[in-house]
Amino acid sequence: MKTIRIPLPAHAPGHERFLTVHEFGSGEKKAYLQAALHADEWPGLLTLQHLITRLQALEAAGQIKQRIQILPYANPVGLSQRHAGRVLGRFDGTTGQNFNRGMAIPPEVLIERVLPELGQDAAANDRKVREALVQLASEKKADYEIEILHKTLLGLSLDANLMLDLHCDYDSLPHVFYGTHQRETGTLLSDCLGFPIRLEEDVRGTVAFDGTHTQPWVRLMEATDAPFADPCFAATIELRGQHSVSDALASRDAEGILAFLESQGYVEASGAQHQEQAGSTQAISVDQVKVLYASAAGLVVYHRQLGEMLQPGDHLADIVLLDKDQPERIAVHAPTSGILFSIAVNHLSFPGSHIAMIASEETHIKPGTQLSF
């Protein structure tokens with residue numbers, strides 16, 4: 001294992017931040033994995049520690065066949081943002097920007113740059129695209145600290161053949177996000193992990209970090225008939241909830257990721273197995289996720305469990321109003337049928353706060369848009 005540390009410009013006198021990068025193996029193909037881009041989402045931090053341990057043993061045995069690059073923490077900026085002892089970590093403290101939004105490479109810029117150079121050699125086309133993407137990342141403006149972080153992460157990852165971004169929800173069933181154009185590989189990843197909910201998204205619209213790696217390829221392939229051998233596969237892995245930090249879960253998830261890496265030719269003879277399926281699977285488009293928001297300020301009390309199938313009108317939760325003359329509640333009913341797969345970990349609600357997500361079979365948001373949080 002080779003380890004390097006990449007310094008980030010100091011945000012204040014006397015302060016220094018850096019990214020740690022662990023690299024295993026060698027070869028033409030590269031897998032890139034990172035955790036805690038949202039710095040208040042910690043299960044992935046432990047999962048990567050378990051994966052690193054497994055990869056060290058495999059490397060010693062000569063069983064790593066391609067390059068694997070791991071960032072055990074992707075966001076030292078967010079990890080340092082504390083208020084009264086609590087790590088905030090989801091939004092940049094200076095700009096207010098979501099750490100997992102707003103870093104995409106404009107596809108039209110890539111198309112303009114590489115289209116005249118593409119030929120009929122698919123492998124050569126791949127190299128030209130990856131080189132151009134890394135170059136475009138280096139040209140991104142970086143006035144704010146979050147922009148410097150994004151620029152550095154993209155410079156490390158945009159040449160990858162496979163990119164996995166480890167996150168978690170507030171409290172949820174484990175699930176995976178991947179592009180609709182990569183359904184077969186996304187399904188295999190979900191199967192290796194044993195995750196029941198598979199959320200497929202149109203990456204031609206608004207994208208997060210994972211879509212930043214696939215959107216340019218999709219838009220470029222729409223603009224040309226030139227062949228490509230191995231466009232980047234990228235996915236976001238949601239490792240349950242913020243409190244789901246345990247060695248048992250982390251080891252299980254690391255084994256699932258390792259099984260996927262083996263299926264893609266990055267390691268061999270790892271002994272990793274597909275993980276046991278946790279419930280029945282449901283693959284839907286992201287726009288079929290129904291997000292429920294609180295209508296009032298109060299204390300949310302849930303009456304249904306994660307993984308339950310809901311029907312329209314089912315009594316899902318109550319918002320207990322705390323500022324009335326007598327005890328009073330507002331009932332929250334399921335507006336659609338589907339699986340309850342996410343709830344809020346912060347039970348104190350305010351009007352407009354997210355309280356639940358349901359995986360349904362109906363369209364609820366405009367295709368190509370992101371879930372709002």
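The values are calculated or read from the model by the stated rules, or taken from the named source; none is laboratory data. This structure is a prediction, so every number in the text was calculated from the model and none was measured. Cβ placement follows ideal geometry from the backbone for every residue including glycine, while neighbour counts extend to all protein chains displayed. For the accessible areas, the whole protein counts, side chains as well, though only heavy atoms, and no ligand, DNA or RNA atoms are used. Shrake-Rupley method; radii C 1.70, N 1.55, O 1.52, S 1.80 Å.
Observations on the structure shown:
- Think of each Lys and Arg Cβ as +1 and each Asp and Glu Cβ as -1; about the Cα centre, that makes the dipole of the chain roughly 700 debye.
- Protein accessible area in the stretch 215-373, 1.4 Å probe - carbon and sulfur %: 49
- Unit charges at the beta carbon, dipole of the chain: most positive-side option, VAL176, LEU261, LEU136: LEU136
- Take the Cβ atoms of ALA269 and ARG5, set R0 to 45 Å, and the FRET efficiency comes out at 0.90.
- Convex hull volume per residue in cubic angstrom - Cα atoms of the stretch 174-288: 114
- Each label point was placed 7 Å from the Cα along the Cα-to-Cβ direction; for THR187 and THR281 their separation is 0.7 nm.
- Loop-resident GluC sites (Glu not before Pro) (DSSP state other than H, G, I, E or B) in the stretch 28-63 with no more than 15 further Cβ atoms inside 10 Å of their Cβ: GLU28.
- Candidates ASN98, ALA122, GLY85 compared by Cα position along the dipole of the stretch 83-145: farthest toward the positive end lies GLY85, with charges placed on Cβ.
- Legend: calculated FRET efficiency, VAL301 to SER80, from the Cβ-Cβ distance at R0 = 41 Å, rounded to 0.05, equals 0.75.
- For the chain, calculated [θ]222 nm from helices alone, where every DSSP H run of n ≥ 4 adds -39500 (n - 2.57): -8500 deg cm²/dmol
- The slack between GLN326 and THR53, meaning 0.36 nm per residue of separation minus the straight C-alpha distance, is 92.6 nm.
- Ordered by solvent-accessible area of protein heavy atoms (1.4 Å probe), largest first, the residues LEU156, LEU164, LEU79 come out as LEU79, LEU156, LEU164.
- Computed from Cα atoms, the angle from the helix 145-157 axis to the main principal axis of the chain rounds to 50 degrees.
- Accessible surface of the stretch 95-206, 1.4 Å probe, proportion on carbon and sulfur as whole %: 49
- C-alpha long axis of helix 209-223 to longest principal axis of the chain, angle in °: 60
- Restricting the trypsin sites (Lys or Arg not before Pro) of the stretch 108-143 to loop positions (DSSP other than H, G, I, E, B) with no more than 16 neighbouring Cβ atoms within 10 Å leaves LYS140, LYS141.
- Options HIS347, GLN49, LEU158, ranked by Cα towards positive dipole end of the chain, top entry (Cβ charges): GLN49
- Highest-fluctuation residue, PRO327, PRO76, PRO13 considered, GNM on the chain with Cα pairs under 10 Å: PRO13
- Here is the tail figure for the chain: Cα pairs spaced more than 31 Å apart come to 37 percent of all pairs.
- Dimensions of the stretch 265-336 along the principal axes, based on C-alpha atoms and rounded to the nearest Å, stand at 66, 22, 19, largest first.
- Nearest 10 degrees, 0 to 90: helix 122-138 Cα axis against the chain principal axis: 60
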